[in-house]
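Below: one structure, written as structure tokens.
The values are calculated or read from the model by the stated rules, or taken from the named source; none is laboratory data. This structure is a prediction, so every number in the text was calculated from the model and none was measured. When we count neighbours, we look across all protein chains shown, and the Cβ atoms used for this are built from the backbone with ideal geometry, even at glycine. Areas reflect the complete protein model, heavy atoms only, side chains present, ligands, DNA and RNA absent. Shrake-Rupley method; radii C 1.70, N 1.55, O 1.52, S 1.80 Å.
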Amino acid sequence: VSEVADAENIEKLTTFADRIKITYLYTLVQKNEKIYITSSSATAEELENNTEVKYFTLFNEADPNFQICFKTLRPMSFTHIDRWGTFRAAIIPEKTSDGKVYLSVAEYNISHLKRLFYSTMIETSIVAFLVIMGLCPLIYLFYRHGKIIKVENQKMEQELCQSRKMESLGRLAGG
């Protein structure tokens, strides 16, 4: 594939990926147990910095699931991490007219989900802490009120007992 044809493929894939809100669209081939990117869309940043992936770029850090997909020829989806970020990938194995296998891949960048998870976890922890701290005075008041009621009950029981004793003495004396 010429550089001009590769640039056209990158532009078309990028336009389509942007339209359907996918981070990357690309194809992979396997040669001598190695995986190569044969066409790929690019991000605006990659195009601006001229760092887009070119035709037949070795994909050293390819997730082992890509190898499985080449062997089983079954569509699959999985989450993986590579030099570009953390992605959820959907892969469809296909064959060329002469029987060569390639993978069509669509990836959505999910790197932001980890940050979102941690920030939500921190916010939830702070709210939980504040709720617990807000409940502490109430718990203390209930505890203290319970102690006061217990002391008052004990006093009333003593007074009742004393009153019964006096009543019994009164009956004996009057009796």
### Summary
With DSSP loop assignment and no more than 15 other C-beta atoms within 10 Å, the GluC sites (Glu not before Pro) in region 1-58 are Glu33
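Can you give me the span-like helices of the chain, meaning DSSP H runs with 18 Å or more of Cα extent along the axis and Kyte-Doolittle mean at or above -1.0? Mind showing how you got there, number by number?
Values: long enough: 3-19 (24 Å, -0.59); 111-174 (93 Å, 0.16).
Those that pass (Cα extent of 18 Å or more, hydropathy at least -1.0) are 3-19, 111-174.
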### Task
First compute the accessible area of the chain with a 1.4 Å probe, then give the percent of it belonging to carbon and sulfur atoms.
60 percent
### Amide hydrogen neighbours beyond the local backbone of Ile110, cut-off 5 Å, H modeled
Thr86, Phe87, Arg88
### Message
Give me the one-decimal nm value for the distance between modelled label points at Phe16 and Val131, 7 Å along each residue's Cα-to-Cβ direction.
### Response
4.8 nm
### Task
Report, as a whole number in µm² per second, the diffusion coefficient that Stokes-Einstein gives for region 116-175 at 20 °C and 1.002 mPa s using the Kirkwood radius over alpha carbon pairs.
135 µm²/s
### Query
Past the 19 Å Cα-Cα mark, which pairs from Lys12/Lys114; Lys12/Lys95; Lys34/Lys114; Lys71/Lys95?
Lys12/Lys114; Lys12/Lys95; Lys34/Lys114
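With every protein chain kept in place and ligands, DNA and RNA left out, what is the accessible area per residue of the chain? Probe 1.4 Å, answer in Å².
Averaged over the residues of the chain, the accessible area is 74 Å².
Rank these by accessible area, largest first, 1.4 Å probe: Met121, Met166. Could the numbers behind the result be given before it?
Numbers: Met121 90, Met166 115 Å².
The residues order as Met166, Met121, largest area first.
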### Query
What distance in nm separates the simple spin-label points at Lys147 and Leu73, each placed 7 Å from Cα in the Cβ direction?
7.9 nm
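Evaluate the charge dipole of region 94-163 about its Cα centre and quote only its size in Debye, nearest 20, assuming +1 on the Cβ of each Lys and Arg and -1 on the Cβ of each Asp and Glu.
On the way: 8 positive and 7 negative charges, 31 e Å.
Dipole size: approximately 140 debye.
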### Task
Mind listing the long-range amide H neighbours of Ile22? Cut-off is under 5 Å, sequence gap 5 or more, other chains count too, H placed in the peptide plane at 1.01 Å from N.
none
### Task
Evaluate the charge dipole of the chain about its Cα centre and quote only its size in Debye, nearest 20, assuming +1 on the Cβ of each Lys and Arg and -1 on the Cβ of each Asp and Glu.
1400 debye
### Message
Let me test this: with uniform point scatterers at the alpha carbons of the chain, what is the Debye-based log₁₀ I(q)/I(0) at q = 0.11, 0.12, 0.19 1/Å?
### Response
-0.65, -0.71, -1.24
### Task
Provide the per-residue ³J(HN,Hα) series for region 40-56, in order, calculated from phi with Karplus coefficients 6.51, -1.76, 1.60 and θ = phi - 60°, each as a whole number of Hz, with x at glycine and proline positions.
7, 6, 9, 7, 4, 5, 5, 5, 5, 8, 6, 10, 5, 6, 9, 4, 6
## Note on the structure
Calc'd 3J(HN,Hα), region 102-110, phi into Karplus 6.51 cos²θ - 1.76 cosθ + 1.60 (θ = phi - 60°), Hz, glycine/Pro = x, comes to 9, 10, 9, 10, 10, 10, 10, 6, 10
### Query
Can you work out the base-10 log of I(q)/I(0) for region 1-78 at q = 0.18, 0.24, 0.25 1/Å, using the Debye formula on its C-alpha atoms alone?
-0.79, -1.17, -1.21
### Message
I'd like the Karplus ³J(HN,Hα) series for region 28-34: coefficients 6.51, -1.76, 1.60, θ = phi - 60°, whole numbers in Hz, and an x wherever there's a Gly or Pro.
### Response
10, 10, 10, 9, 6, 6, 10
